[in-house]
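Let me begin by presenting the structure, written as C-alpha cells, before commenting on it.
Computed from the coordinates by the stated procedures, all read-outs in this text should not be read as laboratory data. All figures in this text were calculated on a predicted structure; none of them were measured in a lab. All Cβ positions, even for glycine, are placed from backbone atoms using ideal geometry, and neighbour counts span all protein chains on display.
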Amino acid sequence: MSQPVSSSTSKWRYRYLVAAIVFFAYSIQYLDRVKTTVLVPLISQSLQLSYSDVGNAMFLLMIFYGPTQILSGFLCDRFGPKKVLVFSLVTWSLFTIYMAYMQNVTEWYIRNALFGIFVGTEFVPSARLIARWFPKRERAQAQGVLSWSWIITPAWAPILTTFLASYFNDWRPVFVWLGLFGLVPLVIVMLLIYDRPEQVRWLSDSEVKESYADELESGILKDAGIKREHLAQEAKKAQIPLRNILLNKSFIAVVLSYLACQMTFWGIVTWSPSYLSEVFKFKLTAMGAWASIYFAAGVIGAFLSSRISDKLFNGRRRPMIILSFLGTFPFILLLALARPGISHMGLMLILAGAGFFANMIWGPILAWPADVFSPEMYGRALGFVTGVAYFGAAFAPLIMSRLIVKTTTGVSYTYAWTFIAICAIAGLIAASIVKDRQDVVQGNVSMSN
C-alpha cells in the first residue's frame, strides 16, 4: 500500500474554487424552490390555489425530480458532470421564467412537473464534482459547503424575494429577473469548471495527486507511475458492480436515512412560511425574516458537523448522521406544540434548534458513498440515494397539506409537524444501521454485509 499523500505547503487549491463555483451555481438554482414557497400565499391568491393544490404541485415536482436523479448519476459517470450541470443551468433559467406566465392551476401543475424532470439534473453533477476533486480528509467539509447552497439560500432568499415582490407589487417579475440571473453561473461553470483535476493543465502534479489520495493510499494507483492521461482509466479499477452497492445493507440504511432527512427538509421548506404567516400572523416581509432563522442556524450546524466528521472523527460519518436526527426530533415536536401566544424568543429558539440539528446531516451523508465505494462510482451511487429520497420526499408536502386543519380560531399545523417529527425518528433508526468505511472489512465493502 502506498504512503499517505502529503499536502504541499501552499494553502490554496484549485479544488476550493471548484467548490465555491458549485456552491454559487446551486445556490442560484435553489432560488426557484425557495422563492416559490415563500410566494405561495401570493401565488395561491392570484391563481386561486387551495392547500391541496400547493401540496399536489410540490408532489409533482418531487415525484419527477427523484427518478431524474438516477438518470443524471449515470450521465455524470458516462459523459462527465460538467455537461450535465450546464444542461441543468440552462433549463433552470427557462422554467423559472416560464413560472411568471402561469394563469391557472393546470399550468401550475404542468410547470412543476416539467421543472422536476429537467432541473432534476442539478444536484448529482454538483456533488459528483466534489467527490472527485476532494480527498476523504476534506470531502465532508466540501459537501458541507455544497449543502450551504440549500441552507444559506433559504436564509437570504425569503428577504430578497419578499422585497422584490413588494417593490414590483406583483410576484411574476420576481421569476423573470431571477431566471435571467441564472446566466451568470452558467458562464462561470462553462469557463472554469473541469470534470477532473488532471484536465487543468496548470495544476501541479502534487495537487492533482491530492485529489486521488484515496486511490493512492489504497494502492489502486501507484505513486511512482502516475500519469495524467492514465489517471481516469486507472482510478476506474476501483469500480465494483452496481448490484453489489444496491444490496449493501449500509447503503440501504443511507438511502433510508437520506429519505427521512429529505422528507423533513421539504416539509419544513414548503410549509414553514405559511405556518408563520397563518399561525403567528406575520406580515410578508416579517415572515421572510422569521423563515430565515431555521436556515441561518443550519449553516452553523452543517459547518460544525462536516468539520467534526472529517477532523475529529477522522472520516467517520455515522455519529453525526445519528446526532442530526436525535437533535431534530424534539425541536420539530416543539413546533407542533407551539401556539400563537408563545414569546418571540421561544419561537426563535425552536426554529434555530430545528435548523441547527436538521442540517447537520448533509456533509457526512453526502460524503459516505465516495468514502465506502469510490468517487468513480459516486454518480450512480448518489443517483440512487437521491432518486429514492426525492421520490419519497414528494409525499411529505402532500401529506402535510392534508394534515393542516382549519379551526374556529385559526389554522392548526400540529398534526403536520408531528408527521415530520415521526420522519426524524424513522431516520434515526435507519442511521443506527449505517457502517462507516473504517467499520467494514476492506475486502467485503462491495458485499451486501
Legend entry - Ranked list, fewest to most other Cβ atoms within 10 Å of each Cβ, for Ile70, Ile361, Ile159: Ile159, Ile70, Ile361
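If exposed means no more than 16 neighbouring beta carbons inside 10 Å and the site is in a DSSP loop, what's the longest run of the chain without any exposed trypsin sites (Lys or Arg not before Pro)?
12-200
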Inset, instruction - Excluding residues on the same chain fewer than 8 positions from Lys249, give the aspartates and glutamates whose Cα lies under 17 Å from its Cα. - result: Asp371, Asp436, Asp439
Legend entry - Under the Karplus curve 6.51 cos²θ - 1.76 cosθ + 1.60, θ = phi - 60°, whole-Hz ³J(HN,Hα) for the range 154-168, x wherever Gly or Pro sits: x, 7, 10, 4, x, 5, 4, 4, 5, 5, 5, 5, 5, 5, 7
Legend entry - C-alpha long axis of helix 414-431 to longest principal axis of the chain, angle in °: 10 degrees
Inset, instruction - Past 18 Å, Cα to Cα, is the threshold; run Lys281/Lys406; Lys11/Lys83; Lys35/Lys283; Lys82/Lys136 against it and keep the listed order. - result: Lys11/Lys83; Lys82/Lys136
Legend entry - Structure-derived volume of the Cα convex hull per residue in Å³: which label, when the choices are (i) 128; (ii) 172; (iii) 155: (i)
Inset, instruction - Give the relative contact order (percent, whole number) for the chain; include only Cα pairs under 8 Å separated by 6+ residues. - result: 27 percent
Legend entry - Dipole axis of the range 14-444 (+1 Lys, Arg; -1 Asp, Glu on Cβ), positive-most option in Pro173, Pro41, Leu403: Leu403
Inset, instruction - Treating the angle as unsigned and between 0 and 90°, give the value, to the nearest 10°, between the Cα long axis of helix 81-98 and the longest Cα principal axis of the chain. - result: 10 degrees
Legend entry - Nearest-ten-degree value, helix 172-181 long axis tilted from longest Cα axis of the chain: 20 degrees
Inset, instruction - Step through the residues of the range 118-123 one at a time and calculate ³J(HN,Hα) from phi using the Karplus curve (6.51 cos²θ - 1.76 cosθ + 1.60, θ = phi - 60°), rounding each to whole Hz and writing x for Gly and Pro. - result: 7, 8, x, 8, 7, 7
